[in-house]
Structure formats: C-alpha cells, structure tokens
C-alpha cells in the first residue's frame, strides 16, 4: 500500500507506519509466487499428525501475527494477501503494519491452525470453519478457490463476555434500554436479535444470557462455541460436520433432541437453516424466554429471513402457516448495527404485534437517532406489558413516556 493508493471505504483507517512499502516481520527476502521452488501446500490428509503438529491444549505460536493475537484491543484479524494484514480495533478496520515475507511463512501459519484444530484444507475441500482452543473463530480458504495463497480470518474470542452494563458503557445502548431488556429476559419474552455481519449480535446475546434467573436448565446451540454460560444448570451443544467416518449432526437435530431434556429456555447462537422452524415451535410450546440471532440488514428483513429459513426445513408448510407461527412465537426484535464511527449500537427495538392481513406488523419501542446522536423512546407501551407485572418485573408504564 502506497500513499496514493487510498481506500474508498470510509471505515478504513491507514496508520502512518504503512504510508510506504509494507513492513516485514522477517529478515528473509520476499519470494515470488512464481519461483521454481514453490512453497509447500497447506496441510492435507497425507501429512496429518506429521512433524510440527501442535497439541490443541498447548499455546499456539502463530509467527508474524502472534502479537496481534495477544493484543486485547484487536477483535479480528484478516489476511487476504501476503502484504496486508488487516485488523479490527474499536470497531474500525485498519492496516496492522504486519506482512508475511513469503508464501512459505503464510502456509506455516495455516498448517499450525489446522494442526491445532484437527482440520484439513485440500483442493477437494478448500475451506475450513473452525475454532481455536481459546474459542477464537477461524475461517480458512485455500487453493483452488484463492489464487494468491490461502486467506485467513480470525474472530478473537473475548476472555469474558460483556454484560448489558458493559455495553451501556460502550454506547451500544442506554440505561433505559438496558433496564427494559433485563425486564424482557426476566419476564420470559422471546427475543430475536438481528443485524449484519460484525454488528455485535453475539456480544449482545451473551449479555442477555447473564440476567436469566438461576437455576432453571437452559440449552445453547452453536456451530462454533461463542456463548458463555455461567449458569450451573445449563448444557452447551455444538453442531458437528460430516466426516468420512461419521454423519453430520446439525442444529435441527440438536434442537429437536434438546426438547427431551426439559430445557427451560433454548438459546440458538444463530439460525442459519431449517432449525428456525424448530426454534419457533419450541417458543410456542412452553419454552418462552428463548433467544436467537439472525443475519439481516433491517428488522423487517429479519422476519423475511426467518421465513426463508423455515422454508429450508423441508417441512411442507404454506407461507402463511409459517408466518402465523412466527408472529405467535416472537415477541421482540432487537436490531444491532455498526455505525460509521465504529460503535456497534442497538438501532431499533421493535415489538412484533401481529398480522394485518398477511403482513406482520411491527411497532418500534426504542431507536437510535443518528442525527441527534442519541437513543430515544417512542412512547409506545409494548402489548406484553402485563407479562412484566405478572412476573414481578418492576417497570411502570410511564417508563416508556
């Protein structure tokens, strides 16, 4: 990256150290991908367990990016080519000032990650989605999908999960929204958290887990472990991909089987496929107070997304039947968004109030006014307010004034 190569992304910050040729962490001369001695490919089934294998319980050394992994202010690391290692800090993307001197160095990091997680990256299976022993989420993509070497994305796992109070201090929400959401959890309101990639859905979900009363049994489901359950009487389940020797265990199977475990609440880290229908049915059959997340750009888009996921369940239900299930099951949509200043905020809290004809109706309770730079209450009192009173949640109606 040179000084005249300015990025167009307004959220991208270039540190001064990179206004010139990219810095290198190694002393060896840079190698050309087209030399006669090509670097060894990332780990394949042929060399699994070979020299250099890393014990998953040991500390993992990741060479040039090791210091980035240890920096608590960095939340994400993205390596899309040798010269530019991107990081996310305080919600903003920037160049780290780190680079790889050769493709060999980058492949060594890939092999270390694969050895630590027991995964494979082959031309037949050129991508891997996994997690490190510390919980950090790792996504790898290799040849032939990528043309200039493997790509690595690491979403670091926080040592401790945020509470809602922590998120207030980070300007994700204000004190009144905090009190309202705690009341919703205690009153067993079914919540859907929506937002785009990297908007803070999982952080908010973790924060909403904290107010769940003890010791009722809760079950969580995830593809990669990101939820922190401090409740003693809880079970954390994880999906399992298909391998040559064992079948896949997907989220639908986990949700269905968990119902035999008498869970008080069900928490799905993210609805991605047909498990959305099972989640709605669980919410409608005595598992109130359940929570899940979904990728969507706007609250109403979140409802369309849930409908689409339910149709992926291969259960032959008409759209209106799914829509009625959804309206009956979901009470509240909490939408999060990452703003231009890098802060992840709750942009809207909306109640799903019913159907008007065939269209779900939404009523906004709280919002973030970007022009004023402040959170606002709309004055609408949620229709489930009586649930607060019956559950002993001390919120008055004038709270929403």
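All of the numbers you see were taken from the coordinates with simple rules; none came from a lab. Only a predicted model underlies this, so the values are computations on that prediction, with no experimental measurement involved. All Cβ positions, even for glycine, are placed from backbone atoms using ideal geometry, and neighbour counts span all protein chains on display.
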Q. Under a plain spin-label model, where a point goes 7 Å from the Cα along Cα-to-Cβ, how far apart in nm are residue 285 and residue 214?
A. 3.1
Q) In percent, how large is the relative contact order of the chain, given Cα pairs closer than 8 Å and 6 or more residues apart? A) 13
**Q.** Taking the C-alpha atoms of the stretch 164-400, convex hull volume expressed per residue in Å³
**A.** 133
Q. Given q = 0.10, 0.11, 0.16 Å⁻¹, what are the Debye log10 I(q)/I(0) values for the stretch 288-386, with equal point scatterers placed on the Cα positions and solvent ignored?
A. -0.31, -0.38, -0.76
Q. For the stretch 205-248, what does the equivalent ellipsoid look like in terms of its semi-axes, each the square root of 5 times an eigenvalue of the Cα gyration tensor, given largest first in whole Å?
A. 27, 11, 6
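From the C-alpha coordinates alone, can you work out the Kirkwood hydrodynamic radius of the chain, in Å? Mind showing how you got there, number by number?
Numbers: mean 1/r = 0.0432 Å⁻¹.
Evaluated on the chain, it is 23.2 Å.
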Q.
So if each residue of separation counts as 0.36 nm, and I subtract the Cα-Cα distance between residue 383 and residue 319, what length gain in nm does that give?
A. 20.5 nm
Q: Would you mind computing, in nm to one decimal, how far apart the modelled labels at residue 397 and residue 341 are, each placed 7 Å from Cα along Cα→Cβ?
A: 3.6
Q: Pop a pseudo-label 7 angstrom from the Cα along the beta-carbon direction at both residue 166 and residue 145 and give the gap in nm to one decimal.
A: 3.0
Q. Roughly how tilted is helix 299-311, in degrees to the nearest 10 and between 0 and 90, from the longest Cα axis of the chain?
A. 80
(Q) I need the Debye-formula profile for the stretch 175-221: one equal scatterer per C-alpha, no solvent, reported as log10 I(q)/I(0) at q = 0.15, 0.21, 0.27, 0.30 1/Å, two decimals. (A) -0.43, -0.82, -1.20, -1.31
(Q) Quick check on the exposure proxy: order 311, 319, 277 from fewest to most C-beta atoms within 10 angstrom. (A) 319, 311, 277
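Hey, fewest Cβ within 10 Å first, where do 295, 214, 287 land in order? Write down the numbers at each step before the final one.
Details: 295 16, 214 10, 287 22.
Ranking 295, 214, 287 by Cβ neighbours within 10 Å, fewest first, gives 214, 295, 287.
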Q. The stretch 103-136 to the stretch 356-370: how many Å between their Cα centroids?
A. 43
